[in-house]
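Everything on this sheet refers to the single structure shown next.
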Protein chains: 2
Amino acid sequence: MEIINDIHQMQKKAEAVRNSGKTIAFVPTMGYLHAGHLALMRAGRQRADVLVVSIFVNPAQFGPKEDFGSYPRDLDRDSALCREAGVDIIFHPAAEDIYPRGYQTYIEVEKLSHGLCGDFRPGHFRGVATVVAKLFHLVKPHLAVFGQKDYQQLAVIRRMVADLNLDIEIVGYPTVRETDGLAMSSRNTYLNAAERQSALALSRSLEQAQQMLQEGERAPGRIEQAVRETISREPATEIEYVRVCHPDSLSELKWVENSALLALAVRVGKTRLIDNRIITTKPGGE
Amino acid sequence: MEIINDIHQMQKKAEAVRNSGKTIAFVPTMGYLHAGHLALMRAGRQRADVLVVSIFVNPAQFGPKEDFGSYPRDLDRDSALCREAGVDIIFHPAAEDIYPRGYQTYIEVEKLSHGLCGDFRPGHFRGVATVVAKLFHLVKPHLAVFGQKDYQQLAVIRRMVADLNLDIEIVGYPTVRETDGLAMSSRNTYLNAAERQSALALSRSLEQAQQMLQEGERAPGRIEQAVRETISREPATEIEYVRVCHPDSLSELKWVENSALLALAVRVGKTRLIDNRIITTKPGGE
């Protein structure tokens, strides 16, 4: 396994791999890897000759009051996990190489970047789209794997790839959860024991919504209300949003026909957690 | 020579060319080709194995009151010229394939898109940057050639390529002029005989500015004023801007040290013309 810091070396290497007739799978991450990332890596590993994982905590996707500074970092631990997972190259660029002096180009996916997290993290998806396009140009992958836990991010990236005609297959991978249901996230490390307990209401409420739909409820407002009540009952929770919306456009729904996206963001203590699920009227759920 | 309309066929073809070890030079145009375009093609032809020219009148870079509808088009004539110039592939996509329903992704090069033409054509350089990135992803060139006549466009594209880490060499090519000095432009076809005569003041005024600088003038304001007077003296001219600015940042100059960009946009009758020149304090000019 190779660790590449230099952006030009990464791009040269990627071009050489492609010219040798080999395919590249890419998993972009912010590091502090967990079982969710490892599942994305396995998916990538199976689908291409060379597996590249980037570790880059992207300043452009954090707001001024967000946790860029305190976001957990541990390159040694991450390297060991990548090695075990069969990663060929870790790409670990420096922020000053990704955003050098005079940097001024940003990519905006206009509609999908609004609503849900976009309303609470202004500029976040602009930062995500921009850095992902940059990483794509540096790593030159044939395919890239993203987790469905960041559902809106995945939608933004799919749309960007289609709109900008990037020749890259985007693979969405189901959310990996702890055995008690909590969606894997590097930010779970911020939670104390009591908050960790409260946080279980998120996945539980998604399950509850699926149940309601199966039992005949079709009104987004009533589903959202029930989810809000379940979460609010737990100590230290503060809901940012709970939204039943269209799974592709992410726009508001007046009525659930067959299926919908239920997405939510909740602060548990000081930690912002997100989760989502495709809820369907058919028994068995997603 | 091949004419490709389908965007996926273009992308597949480009990937196949790259995989065969050949290099691709690219000249993006809006068609209605003139000697300026042909010079860009020659530059591309010399530098790579396969030469691709795109012909696409990009709606996203025209304002609602601009000449998108009336912009001159003649694919038969353009094809003949491309064939003569040794073009391998004309890429001639449909607007509804470049901007399908639901399209929503735009690239903004923030600082360089403001000032000069950016102030008079809001959204223009966003449209340019976006379509050029899309064409780059579809044509997959190793290098692309742009005319220096569209100086700000070239600056925006160079910045976008650097900022987004596109692995493409950008070649800037000097403005090609008619024997009487008028910069080549597809829009020159709009001019009647009297307007054509008035339009000569543009290149003449650039020459005059170079002369002033050589004779010791260093104040941008006085150079701009002299240029304005030369142009205003001609019938049917209406100046949009005349600006002496920094050749890289395009920002305002208080004083000319060694060299500067003189850029101008003038309406002659209903036709909007632009021209520019690097003016230098050294004898002999640029």
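Taken together, the values in this text are just the output of simple stated rules run on the coordinates, not laboratory data. Not measured: the values here are computed from a predicted model. Virtual Cβ from ideal backbone geometry, glycine too; neighbours counted across all protein chains shown.
For A:Lys134, the shell of other residues with beta-carbons less than 13 Å away shows a net charge of -1, using +1 for Lys and Arg and -1 for Asp and Glu. Inter-copy label distances at A:Ala16, shortest first and taken from points set 7 Å along Cα to Cβ: 2.9 nm. Neighbours of A:Val109 by Cβ distance under 13 Å: Lys/Arg scored +1, Asp/Glu scored -1, total 0.
Can you tell me the dipole magnitude for chain A around its Cα centre, using point charges on the Cβ only (Lys, Arg +1; Asp, Glu -1), in Debye to the nearest 20?
120 debye
The loop-placed GluC sites (Glu not before Pro) in the range A:207-247, going by DSSP, that have at most 14 neighbouring Cβ atoms within 10 Å of their Cβ come out as A:Glu215.
Of the beta bridges in chain B, as assigned by DSSP with both residues counted there, near 50 percent are antiparallel. Using the Karplus relation 6.51 cos²θ - 1.76 cosθ + 1.60 with θ = phi - 60°, the per-residue 3J(HN,Hα) values for the range B:197-205 come to 5, 4, 5, 5, 4, 5, 5, 5, 5 Hz, with x marking Gly and Pro.
Placing a label point 7 Å from the Cα of A:Arg218 along the Cα-to-Cβ direction, the residues of the range A:228-256 whose backbone N falls under 13 Å from that point are A:254-256.
Axis angle, to the nearest 10 degrees, between helix B:35-47 and the longest C-alpha principal axis of chain B: 50 degrees. Where both bridge residues fall in the protein assembly as shown, DSSP classifies roughly 55% of the beta bridges as antiparallel. Within a straight-line Cα-Cα reach of under 18 Å, A:Lys282 can be paired with the following aspartates and glutamates, leaving aside sequence neighbours fewer than 8 residues apart in one chain: A:Glu207, A:Glu215, A:Glu217, A:Glu257. The radius of gyration of the Cα set in the protein assembly as shown, together with its Dmax, comes out at 27.4, 87 angstrom. Within chain A, the ratio Rg/Rh, alpha carbon atoms throughout and Rh by Kirkwood, equals 0.97. Report relative contact order for the range A:186-280 in percent, whole number only (criteria: Cα-Cα under 8 Å, sequence separation at least 6). Relative CO of the range A:186-280 lands at 30 percent. Scanning chain B for the Cβ atom closest to the axis that brings B onto A yields residue and whole-Å distance B:Ile107, 3.
By the scheme Lys and Arg +1, Asp and Glu -1, what is the net charge of all other residues having a beta-carbon under 15 Å from that of B:Leu51?
Cβ neighbours under 15 Å give a net charge of +2.
Taking B:Arg177, B:Arg233, B:Arg159 as the candidate residues, the one with maximal mean-square fluctuation in a Gaussian network model of chain B, Cα springs under 10 Å, is B:Arg233. Label point of B:Gln214 (7 Å along Cα→beta-carbon): distances to the other copies' equivalent points are 8.6 nm, sorted ascending.
A convex hull fitted around the alpha carbon atoms of the range B:175-255 yields 114 Å³ per residue. Under the criterion of Cα pairs below 8 Å and six or more residues apart, the relative contact order for the range A:1-76 equals 30 percent.
From helices alone, chain A scores -11000 deg cm²/dmol at 222 nm; the rule is -39500 (n - 2.57) for each run of n ≥ 4 DSSP H residues, then divide by the residue total.
Tell me the angle of helix B:7-19 to the major Cα principal axis of chain B, expressed in degrees between 0 and 90 and rounded to the nearest ten. Helix B:7-19 and the main axis of chain B meet at about 80 degrees.
The angle separating the long axis of helix A:220-232 from the principal Cα axis of greatest extent in chain A is about 80 degrees. A Gaussian network model of chain A, with springs between Cα atoms under 10 Å, assigns the largest mean-square fluctuation among A:Arg272, A:Arg42, A:Arg77 to A:Arg77.
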